[in-house]
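Data first, discussion second: the structure below is written as structure tokens.
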């Protein structure tokens, strides 16, 4: 009844809104008046099947006019690309933090070693006077840090 009333009227029978030709056609499709489908949803069982369906649609669309082509959207592929991009961004941030931490720790180790050498200048002189080698002095600092 609603479809028949809508076909006879140029206003939306539910909201009383004035409709142009394309809006009326869309509304009639929404109400189920047209027998030509405007969309179809395909749910493949796995990614291999999804790839086969996409390949089939691409082969069908090849060489056809724009109006005759099947327009599709691959939601699984879109989500995979979106998630992959997000994971790449997170990876870059973590690499940056690791790099900053590494540089900071190297600087701190250098500062600590330099401070130890300055504090122990007399001790190093005494060890050298007693015949200690460079290797022995290095072991003293390695044991500290």
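Laboratory data are not the source of any read-out in this text; all were calculated from the coordinates shown. All of these numbers come straight from a predicted model, not from anything done at the bench. When we count neighbours, we look across all protein chains shown, and the Cβ atoms used for this are built from the backbone with ideal geometry, even at glycine.
Cβ-to-Cβ counts within 10 Å put 2, 40 in ascending order as 40, 2, the fewest first.
Treating the angle as unsigned and between 0 and 90°, give the value, to the nearest 10°, between the Cα long axis of helix 75-119 and the longest Cα principal axis of the chain. Relative to the chain, helix 75-119 is tipped by roughly 10 degrees.
Using Cα pairs closer than 8 Å and at least 6 residues apart in sequence, work out the relative contact order for the chain, in percent.
On the way: 34 pairs, mean separation 13.5, N = 145.
Contact order relative to length: 9 percent.
Enter the Cα centre distance for the pair the stretch 86-104 and the stretch 106-132, rounded to the nearest angstrom. Here the two parts' Cα centres lie 34 Å apart.
Spin-label model, residue 5 to residue 41: label points 7 Å out along the Cα-to-beta-carbon direction sit 2.9 nm apart.
For the options 115, 11, 83, a Gaussian network treatment of the chain with springs between C-alpha atoms closer than 10 Å singles out 11 as fluctuating the most. Remark: 90, 112 ranked as 90, 112, counting other beta-carbon atoms within 10 Å and listing the fewest first. Cβ crowding within 10 Å ranks 108, 41 as 41, 108, fewest other Cβ atoms first. Running a GNM on the chain with Cα contacts under 10 Å, which residue among 117, 13, 103 ends up with the highest mean-square fluctuation? Residue with maximal mean-square fluctuation among 117, 13, 103: 13.
Computed from the C-beta positions of residue 113 and residue 91, the FRET efficiency with R₀ = 35 Å rounds to 0.60.
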